[in-house]
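The values are calculated or read from the model by the stated rules, or taken from the named source; none is laboratory data. Just so it is clear, the structure is predicted and the values come from calculations on it, not from any experiment. Note that we place each Cβ from the backbone using ideal geometry, even for glycine, and neighbour counts take in every protein chain shown. Areas reflect the complete protein model, heavy atoms only, side chains present, ligands, DNA and RNA absent. Shrake-Rupley method; radii C 1.70, N 1.55, O 1.52, S 1.80 Å.
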Amino acid sequence: QVQLVESGGGLVQAGGSLRLSCTASGSIFSIYAMGWHRQAPGKQRDLVAAITSGGSINYAASVKGRFTISRENAKNTVYLQMDSLKPEDTAVYYCYQQRGPLRVWGQGTQVTVSS
């Protein structure tokens, strides 16, 4: 059973930056698409960014130009670099791995952006 462990969340002022990391257990990582969702209190969990095994990337319109997703297959890790953070980016950020029809989620990491 694969496990995803996120890190890098925290409290930051508006305009600041954070980098989230998500490391997957197991030896097979490069063949799976990876991504990040976020969920603010009282709201649904929405896609932030995703990256396929071939490196194709998709961003939510609200983060395009500010966030960058990348992957380092040798370390079984996907990253989310978040710049120019806004208070509305405050949420729990969840990493996922798409294993065919199955989506495996991490436990989430809190990001809080103060104004």
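Counting only protein heavy atoms and a 1.4 Å probe, tell me what percentage of the chain's accessible area is made up of carbon and sulfur.
49
Roughly what would the spin-label model give for residue 39 and residue 60, points 7 Å off Cα along C-beta, in nm?
1.3
Using a cut-off of 13 Å between beta-carbons, work out the net charge of the residues near residue 62 (Lys and Arg +1, Asp and Glu -1, residue 62 not included).
Net charge in that neighbourhood comes out at +2.
Calculate, for residue 2 and residue 73, the FRET efficiency according to 1/(1 + (r/R0)^6) with r their C-beta to C-beta distance and R0 22 Å; round to the nearest 0.05.
Step by step, r from the Cβ atoms, then E = 0.90.
Please report, largest first and rounded to whole Å, the three semi-axes of the ellipsoid equivalent to region 54-106, where each semi-axis is the square root of five times an eigenvalue of the C-alpha gyration tensor.
So the equivalent ellipsoid measures 21, 14, 11 Å along its semi-axes.
Which residues does a label at residue 103 reach in region 13-38, if reach means a backbone N under 14 Å from a point 7 Å past the Cα toward the Cβ?
33-38
So if I take the alpha carbon set of region 1-51, get Rg, then get Rh from the Kirkwood formula, what is the Rg over Rh ratio?
Taking Rh as the inverse mean 1/r over Cα pairs, Rg/Rh reads 1.02.
Kindly provide the Kirkwood hydrodynamic radius of the chain in Å, to one decimal, from all pairs of distinct alpha carbon atoms.
14.0
Could you go through region 20-26 in sequence order and give the Karplus-derived ³J(HN,Hα) for each residue, using 6.51 cos²θ - 1.76 cosθ + 1.60 with θ = phi - 60°, rounded to whole Hz, and x for Gly and Pro?
Karplus-based 3J(HN,Hα) across region 20-26 equals 8, 10, 9, 10, 9, 7, x Hz.
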